[in-house]
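To start, the structure under review is shown below, and the notes come after it.
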Amino acid sequence: MEPKKIPGVPEQKEGGFHDTESQKCFDTPEITSEKFRILKERFFSIDRWIDYSGEGAADFRLYDSLGNPISRIPEVGDFMRIDIPGPGTVEANGYDWVKITKIIDNELEEGEIEKLIVICSPSPEPGNSNSDHIAHFYSAAATSTFIITRTKTCIKASVHGRNESPNFETDFIDKVRNLFTAAGGMAGIAKIQWKLLVDGLLDFN
């Protein structure tokens, strides 16, 4: 299987990858537009993603560059703290961290009306002056791209992982943890987490 070629999503060069998507369609453009408005609010409410994903899902929290928790629309340079089920990193107090490196608004393909893209990469823990190691089970070359899209009568939420390889730039205990967590992620466990998220964002019941 080959990775999808999607404008805005970084090129796959090495390691693992995934394309995890969920879509819902509606009877009229008006209903579709209203549902996308709700989806957009959810998409930018990172601290509430676990509420939409449900039990057993990873917990995402938004932080600024100094490591302070924040509650607002995410911006480039912000960080996401991720609490995934299972053992966390030792160096970063049990959490994985990614930095928001790019936000793209309305880079549209044929048939699309609205589109938002948020690209993240593994990062050190913000505000931790004791370590500049990547605090994530994937290496710094990996990316996660979050996308929401509206067409005339459908909306879609998706996550696209690229260049996913274990992070060995850390201490021994975390190297072992990252190897097994990354191997599990590339074997499909992480894809289950992403599927919980994209399905949950589109659950309007």
> Which is within 19 Å of residue 196 (Cβ to Cβ), in a loop (DSSP other than H, G, I, E, B) and without any contact (Cβ under 8 Å) to a residue 40 or more places away in the chain, of 2, 55?
Replying inline: 55
> Within segment 120-134, how many residues are in contact with a Ser or Thr (Cβ under 9 Å, 6 or more places away or on another chain), of a type outside the set (Asp, Glu) and open to solvent by 10 Å² or more (accessible area, probe 1.4 Å)?
Replying inline: 8
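Among the listed residues 75, 114, identify the single one that is within 20 Å of residue 158 (Cβ to Cβ), open to solvent by 30 Å² or more (accessible area, probe 1.4 Å) and either hydroxyl-bearing (Ser, Thr, Tyr) or in contact (Cβ under 8 Å) with a residue 24 or more places away in the chain (or both).
Working: 75 fails: within 20 Å of residue 158 (Cβ to Cβ).
Just one listed residue meets the conditions, 114.
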> For residue 96, all conditions in the list (1) under 23 Å from residue 23 (Cα atoms); (2) open to solvent by less than 50 Å² (accessible area, probe 1.4 Å) hold save one; what is the number of the exception?
Replying inline: (1)
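Among the candidates 126, 85, which residue alone is modelled with pLDDT under 90, part of a loop (DSSP other than H, G, I, E, B) and not polar (S, T, N, Q)?
Values: 126 fails: modelled with pLDDT under 90.
Among 126, 85, only 85 is modelled with pLDDT under 90, part of a loop (DSSP other than H, G, I, E, B) and not polar (S, T, N, Q).
Checking the structure you have, find out if any residue of segment 184-191 is of a type in the set (A, V, I, L, M, F, W, C), modelled with pLDDT under 90, closer than 27 Å to residue 48 by Cβ and surrounded by 24 or more Cβ atoms within 10 Å (Cβ to Cβ).
Of segment 184-191, the ones of a type in the set (A, V, I, L, M, F, W, C) are 186-187, 189-190.
Okay, now just the ones that are also modelled with pLDDT under 90, so 186-187, 189-190.
Restricting the remaining residues to those that are closer than 27 Å to residue 48 by Cβ gives 189-190.
Applying the additional criterion that residues be surrounded by 24 or more Cβ atoms within 10 Å (Cβ to Cβ) yields 190.
Checked segment 184-191: at least one residue is of a type in the set (A, V, I, L, M, F, W, C), modelled with pLDDT under 90, closer than 27 Å to residue 48 by Cβ and surrounded by 24 or more Cβ atoms within 10 Å (Cβ to Cβ).
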> Restricting segment 26-64 to residues that are more than 15 Å from the chain's Cα centre (by Cα) and at pLDDT below 95, which is most open to solvent (accessible area, probe 1.4 Å)?
Replying inline: 55
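Of all residues in segment 98-121, count the ones that are in contact with a Lys or Arg (Cβ under 9 Å, 6 or more places away or on another chain) and of a type in the set (Val, Ile, Thr). So that I can check it myself, show each step before the final result.
So in segment 98-121, the residues in contact with a Lys or Arg (Cβ under 9 Å, 6 or more places away or on another chain) come out as 98, 104-109, 111-121.
Right, trim to of a type in the set (Val, Ile, Thr) and you get 98, 104, 113, 117-119.
Within segment 98-121, residues that are in contact with a Lys or Arg (Cβ under 9 Å, 6 or more places away or on another chain) and of a type in the set (Val, Ile, Thr) number 6.
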>> Among the numbered criteria (1) out of contact with any helix residue (DSSP H, G or I) (no Cβ under 9 Å at 6 or more places or on another chain); (2) without any contact (Cβ under 8 Å) to a residue 24 or more places away in the chain, which one does residue 14 miss?
In response: (2)
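The values are calculated or read from the model by the stated rules, or taken from the named source; none is laboratory data. Please read all numbers here as calculations on a predicted model, not as lab measurements. With ideal geometry, Cβ positions are generated from the backbone for all residues, glycine too; neighbour counts draw on all protein chains shown. Remember, those area values only see protein heavy atoms, side chains included, never the ligands or the DNA or RNA. Shrake-Rupley method; radii C 1.70, N 1.55, O 1.52, S 1.80 Å.
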